[in-house]
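J.: Next up is a structure, given as C-alpha cells.
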Amino acid sequence: MNECDSGLPPLENELVDSKVRPFGKAQILIAEDDPIIAQDLKYKIENLGYEVAGITPSGERAVVMAESLRPDLVLMDIQLAGEMDGIQAAEQIRTLRVPLVYVSGCCDSPTLQRAQLTEPYGYVLKPYRTSDIRISVEMSLERHRTEQEREQLMKRFQEVLASVKTLTGRLSICCYCKKIRDEAGDWPDIETYVMKHSNASFTHGLCPDCFTRVQKRIEAVEEADAPSGSVVLG
C-alpha cells in the first residue's frame with residue numbers, strides 16, 4: 001500500500017524526503033506530533049550523519065510511510081495525532097521487520113508494558129540529549145544489521161543442510177552378494193544404493209588386502225604355467 005492508496009489526506013506538518021537515498025546513509029522515519037521536537041530530532045539525526053526519510057505526527061501515517069519508504073529505523077513517539085497511538089502503530093510496523101525506537105515522555109508501567117510487547121530496539125525518555133539519540137540509533141542499526149546477517153547465514157545453512165543426503169538407520173545387506181534391500185523391496189548393488197541416498201560418487205581401485213590376494217593369484221598361475229587368459233580374480 002502506498003500513500004496514494006491509504007486514503008489519508010496529506011498533513012501540513014508532515015515532511016517526506018523525495019530525494020534519492022544517498023548510498024551508505026541510513027534512512028530514519030520520525031513519528032512525532034510536536035513540531036518543535038520533530039524538527040529538533042531531524043536536526044540531530046542529520047548532524048549525526050543520517051538521512052530523515054520523513055516526519056509525521058500521525059500514527060496511521062507512520063504505518064503508511066514505513067511501508068512505502070521502508071526506512072532503516074523509526075523513531076516513534078507514543079502520544080500521536082489521530083486515533084492510533086505510537087504503540088498501535090509500532091505493532092503494525094513490526095510486521096514490516098523495520099526496527100523501531102520509542103522517543104517518549106511516557107514512563108508509567110502500563111505504557112511501558114504495552115510498548116515492550118512490540119519488541120522495540122530501544123526506549124529514549126524525553127527530555128533527551130543528543131548522546132541519547134546517537135547511542136540508541138547506532139545500537140539499533142547495528143543490532144538490526146547483525147540480525148539480518150544471522151538470518152542470511154541461517155537461511156544459507158538450511159539450504160546447504162537440505163541439499164545434504166545422509167544414510168541412517170539399519171541397512172539390510174545380502175551376506176553373499178552384498179546388495180542392499182531398498183525401500184521398494186528391490187536389491188540394488190551397494191554403489192547404486194549409496195549414490196541414490198547420498199551425494200557420494202565412486203572411483204574404483206584395490207585395497208591393500210585385495211591387491212595382495214590378487215598378486216598371490218597371479219603368482220600362483222605363473223608358477224603353474226597356466227595358459228594366458230586363465231587368471232580368475234576374486
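The values are calculated or read from the model by the stated rules, or taken from the named source; none is laboratory data. What you see is a predicted model; the values in this text were computed from it and never measured. Cβ coordinates were reconstructed from backbone atoms using ideal geometry, including for glycine residues, and neighbour counts include every protein chain displayed.
J.: Failed condition for Asp132, given (1) acidic (Asp, Glu); (2) under 30 Å from Ala200 (Cα atoms); (3) surrounded by 13 or more Cβ atoms within 10 Å (Cβ to Cβ), with all others met?
T.: Here Asp132 meets the rest and fails (2).
J.: Surrounded by fewer than 11 Cβ atoms within 10 Å (Cβ to Cβ), at pLDDT 85 or above and out of contact with any Lys or Arg (no Cβ under 7 Å at 6 or more places or on another chain): which single residue out of Gly185, Gly169 fits that description?
T.: Within the list Gly185, Gly169, the selection yields Gly185.
J.: Starting from the stretch 191-205, take each residue that is surrounded by 11 or more Cβ atoms within 10 Å (Cβ to Cβ) and list its partners that are not β-branched (Val, Ile, Thr), counting only C-beta distances under 7 angstrom and pairs at least six apart or across chains.
T.: That search, which allows pairs on different chains as well, returns Glu191/Phe202; Tyr193/Asp182; Val194/Ala200; Met195/Ser201; His197/Lys165; His197/Leu167; Ser198/Lys165; Ser198/Leu167.
J.: Considering the stretch 79-111 alone, what residues qualify as being buried (at least 16 other Cβ atoms within 10 Å of the Cβ) and among the aliphatic types (A, V, I, L, M)?
T.: Hits for the stretch 79-111 are Leu80, Ala81, Met84, Ile87, Ala89, Ala90, Ile93, Val98, Leu100, Val101, Val103.
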